[in-house]
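One structure is given below, encoded as structure tokens.
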Amino acid sequence: MKRRLAGLALALAVLLADQLSKYWVLHGAHLTDGHILIILPVLDFVLLWNHGITFGILNGNGGITWVILAAAAIAVVAGLTAWLWTTKYLTTTLAIGAITGGAIGNIADRLHYGAVVDFIQAHLGAYSFYVFNLGDSAIVCGVAVLMVENLVRQQSPVAAKPGRR
């Protein structure tokens, strides 16, 4: 039960951090489309409305797209929550919690604004990475943990047995 609560608590923490950061960008920093706020030499905040999915895929495909994407994301969150509830490992539970919190944050944006609020832009000189948000970061980190955890469990048969961690 403690493991489940830890996963749910992390999901809630990620959701709150994601939504509060987006609120600040929109209402505190008053960041507008095209305006760049330089944070560090390798980090800027720039407002971008993502109407599509990861990396802007399906961006600009019409009015009903965001409803379909929100419905699909809700189904994914339901599946993640079921997985969180049944997993035997704390690391898996926390990774799923991070992914779930980030996904719910993006769903909330899609339902409230019709698009996801992205604003973090990392760059090295002229090379710029994608613009993303804290929820996206939590999703990527959670998936990375699941992948590494899976590789480690495949390498060590002893570690693959529940209760050995």
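The values are calculated or read from the model by the stated rules, or taken from the named source; none is laboratory data. This is a predicted model, so every value here is computed, not measured. With ideal geometry, Cβ positions are generated from the backbone for all residues, glycine too; neighbour counts draw on all protein chains shown.
Of all the listed residues (70, 95), the sole one being surrounded by 12 or more Cβ atoms within 10 Å (Cβ to Cβ), assigned to a helix (DSSP H, G or I) and modelled with pLDDT under 90 is 70. So for the stretch 127-147 (the condition being surrounded by 16 or more Cβ atoms within 10 Å (Cβ to Cβ), at pLDDT 95 or above, among the β-branched types (Val, Ile, Thr) and in a strand (DSSP E or B)), does at least one residue qualify? Checked the stretch 127-147: no residue is surrounded by 16 or more Cβ atoms within 10 Å (Cβ to Cβ), at pLDDT 95 or above, among the β-branched types (Val, Ile, Thr) and in a strand (DSSP E or B).
Would you call residue 117 over 17 Å from residue 17 (Cα atoms), surrounded by 13 or more Cβ atoms within 10 Å (Cβ to Cβ) and of a type in the set (Val, Ile, Thr)?
Numbers: over 17 Å from residue 17 (Cα atoms): no; surrounded by 13 or more Cβ atoms within 10 Å (Cβ to Cβ): yes; of a type in the set (Val, Ile, Thr): yes.
For residue 117, the condition - over 17 Å from residue 17 (Cα atoms), surrounded by 13 or more Cβ atoms within 10 Å (Cβ to Cβ) and of a type in the set (Val, Ile, Thr) - is not met.
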